[in-house]
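Participant: I'd like to ask you about the structure that follows.
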Amino acid sequence: MCGFVGAIHQGKTGTETSLKDVKMMNHVITHRGPDDEGYFENEDITTGFRRLSIIDLAHGKQPLSYDQERYWIVFNGEIYNYLELRSELKADGFEFKTDSDTEVILGMYKKYGETAVKFLRGMFAFVIWDTQTHAVFGARDHFGIKPLHYAIQDENVYFASEKKSIVKLLNDRKVDDQALQDYMTFQYVPDPNTMSPDIKRLRPGHYFTKKPGSQMQIKRYFEPSFVPHKVTDESLLATKVADVLRDSVEKHMRSDVTVGSFLSGGVDSSIIVALARQLSPKIKTFSVGFEREGYSEIDVAKETAQRLDVENISKVITPAEFVDKFPQFIYHMDDPLADPAAVPQFFLAQLASEHSKVALTGEGADELFGGYNIYNEPNSLRMFNGFPHSMNVVINRMAHHLPAGLKGKSFLERGTTPLEQRFVGNAKIFNEDEKRQLLKHFDEQHPYTDITKPYYAASQGLDPISRMEDIDMHTWLVGDLLLNADRTSMAASLELRTPFIDKEVFRVAREIPAELKVANKTTKYILRKAAESFTPANVLYRRKLGFPVPIKFWLKNELYDWAVKIIDESQVDEYINKNYVRQLLDEHRNNKLNNARKIWTVLTFMVWHQVYVEHKYPELLD
């Protein structure tokens, strides 16, 4: 687990200047790899690397070369099947000088070229250059666990693990209006865009090639899709799920340093810990929570840890700490991320890093196995399917005119709105009417459905639950959960591994029918059945809590004055109608409407603007 930066110039600029620039870019991501740094330059490319030593501590330094220094690589991530791939390559006569997974990638690239990425099982972003052909090849893993940013300027291509490295080099303070509009819907900026118009993210399951004198070419090598199959033997499927999860956890625990695990009160992290403790009985687990009753999973996590017979280390986060660390959290996110649950994970990663270099997490189980409560919606709204279309149109119009916050209004609106319009992922913050009032540069020609339309088109013919999972796989998972997981863990110099988000696990999960995901009044039905043999029942069937953060109450009380100050002081008047934001805050404090998520989304953008555009916190940017 590391970070890298670089510039592809292919003989068009002086390497001395490029090396100086790259060293500046690399300094920005020291937190991703405090153990070591390295550089390489030639007429094609200049690159820098920061290392967090996990595998082959003595010899896994980068940039790393292969085949008598023909191929060079910088690589961020872990290849969990590298031992198996290494054995196959050695059987074909390939030789290796290190025991690292990095060298295996180079061996695979020499053998398979661009198609090598299809064989890799793990999380990765890397850039390889060939000193003979002068070609550059870069790739991002199947699901987007690891990031890869790039910008094209003056015939150079700049790339980096984190956007802030490129921002620093280009001194970029621009704001992309379209990205801002999307952010106000999704609470994050969907790939491939960022809040900076000139900087992009390589999409998951994609690679790029850059040859001398030609444009950078981007191609897709993997597209996750659900293909539900009819199941005749439920117990056989449960065994299959348990077996692939056990194998994934075993692979994800390969490390030359200590591995711990996050542990919330939920089923996902509990399943991971239950499997991990079979391999490492003394594994340490980590949890955080809040002082407010009903908003802390610490007690539940400790009970789970006790039942699983593992150690649990926890921390209570106060409102003052939450606010004090918020600018630092925003800095590490690169772009605004308004998921309130992302912030406690920042504290959780810091806690875990005090005891371990690597931690496991349960991210991805909801998307693969049907875990979100909103996946119940196709069943709860089924009655509307029997109404004539004309009746649904009338009901929708009537519901639209009902007072905001009235019980039943949302049910009627959602029930009479087609799936493609009502569901855009696990979060939908502002609707189009609200964004017209909020944003100074609202673009009528860019509806929020532009983001999800291609995915809905690809999933035509599937059941509604599978289509919702598909949307979350392509948007929410990568744009929110995985971005947060990477940035918060790397901010703490911690490697975070996600055993559920594994291509072999997905190969099994993609075939599970919806009726074995949302069934018997529960979600993740078949996953729970699969885990019954190794996870306590009271843990498996506990109600889903998510990662609760009491911003609903804080914005009325402890954080109200802080929110007012942010609104007043932030220099975002070019983009945001502040009077509308103040109205939202007043309605919320006076208990007229619960506007907490809307307010938090705007405040997050305002603080991001203070950090990256106004440079209000220069200590973060040094």
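Participant: Just to be sure, is V249 touching a Pro at 6+ places or on another chain (Cβ under 6 Å), among the hydrophobic types (A, V, I, L, M, F, W, C), within 23 Å of S493 (Cα to Cα) and not in a helix (DSSP H, G or I)?
Facilitator: Against the criterion (touching a Pro at 6+ places or on another chain (Cβ under 6 Å), among the hydrophobic types (A, V, I, L, M, F, W, C), within 23 Å of S493 (Cα to Cα) and not in a helix (DSSP H, G or I)), V249 does not qualify.
Participant: Is it the case, given these coordinates, that P344 is at pLDDT below 95 and either assigned by TED's automatic domain parsing to the domain that holds A514 or surrounded by 15 or more Cβ atoms within 10 Å (Cβ to Cβ) (or both)?
Facilitator: So P344 passes the test.
Participant: Here are some conditions: (1) surrounded by 22 or more Cβ atoms within 10 Å (Cβ to Cβ); (2) modelled with pLDDT under 95; (3) over 27 Å from A537 (Cβ atoms). T304 meets all but one. Which one does it not meet?
Facilitator: Single failed check for T304: (3).
Participant: Quick test for you: out of V157, V175, V167, pick the one residue that is out of contact with any Asp or Glu (no Cβ under 9 Å at 6 or more places or on another chain) and among the aliphatic types (A, V, I, L, M).
Facilitator: It is V157.
Participant: Which of the helices (runs of 4 or more DSSP H) contained wholly in the stretch 526-611 include at least 2 residues that are basic (K, R) and over 30 Å from I272 (Cβ atoms)?
Facilitator: 578-589
Participant: So, in the stretch 67-81, how many residues would count as being surrounded by 15 or more Cβ atoms within 10 Å (Cβ to Cβ) and free of Cβ contacts under 8 Å to residues at least 60 places away in the same chain?
Facilitator: So the count comes out to 4.
Participant: Within 30 Å of P34 (Cα to Cα) and in a helix (DSSP H, G or I): which single residue out of S466, S493, S489 fits that description?
Facilitator: On inspection, the qualifying residue turns out to be S489.
Participant: Determine, yes or no, whether G289 is modelled with pLDDT under 95, in a strand (DSSP E or B), buried (at least 19 other Cβ atoms within 10 Å of the Cβ) and not hydroxyl-bearing (S, T, Y).
Facilitator: yes
Participant: Hey, among E114, E103, which residue is acidic (D, E) and surrounded by fewer than 22 Cβ atoms within 10 Å (Cβ to Cβ)?
Facilitator: Exactly one residue qualifies, and that residue is E114.
Participant: Check off (1) within 23 Å of the chain's Cα centre (by Cα); (2) without any contact (Cβ under 8 Å) to a residue 24 or more places away in the chain for V343 and give me the number that stays unchecked.
Facilitator: Exception for V343: condition (2).
Participant: Moving to a separate point now. Given the criterion modelled with pLDDT of 95 or more, among the acidic types (D, E) and assigned by TED's automatic domain parsing to the domain that holds D154, identify the matching residue among E103, E43.
Facilitator: Only one candidate passes the filter, namely E103.
Participant: Looking at the stretch 143-191, which of its residues are within 26 Å of Y455 (Cβ to Cβ) and part of a helix (DSSP H, G or I)?
Facilitator: The answer is K163, D177, Q178, A179, L180, Q181, D182, Y183, M184, T185, F186.
Participant: Out of the residues in the stretch 292-316 that are part of a strand (DSSP E or B) and of a type outside the set (D, E), state the one that is farthest from Q345 (Cα to Cα).
Facilitator: N312
Participant: Just need a number here: residues in the stretch 46-64 that are outside any loop (DSSP other than H, G, I, E, B) and either in contact with a Leu (Cβ under 8 Å, 6 or more places away or on another chain) or modelled with pLDDT under 80 (or both).
Facilitator: Final tally of qualifying residues: 2.
Participant: Kindly indicate whether any position in the stretch 213-226 is of a type in the set (V, I, T), outside any loop (DSSP other than H, G, I, E, B), on the phi < 0 side of the Ramachandran plot and loosely packed, with under 15 Cβ neighbours inside 10 Å.
Facilitator: Within the stretch 213-226, none of the residues are of a type in the set (V, I, T), outside any loop (DSSP other than H, G, I, E, B), on the phi < 0 side of the Ramachandran plot and loosely packed, with under 15 Cβ neighbours inside 10 Å.
Participant: From the list P499, P550, P513, which residue is farther than 27 Å from I471 by Cα and buried (at least 17 other Cβ atoms within 10 Å of the Cβ)?
Facilitator: P550
The values are calculated or read from the model by the stated rules, or taken from the named source; none is laboratory data. Everything quoted here is computed from the prediction, not taken from an experiment. Cβ atoms come from the backbone with ideal geometry, glycine included; neighbour counts cover every protein chain shown.
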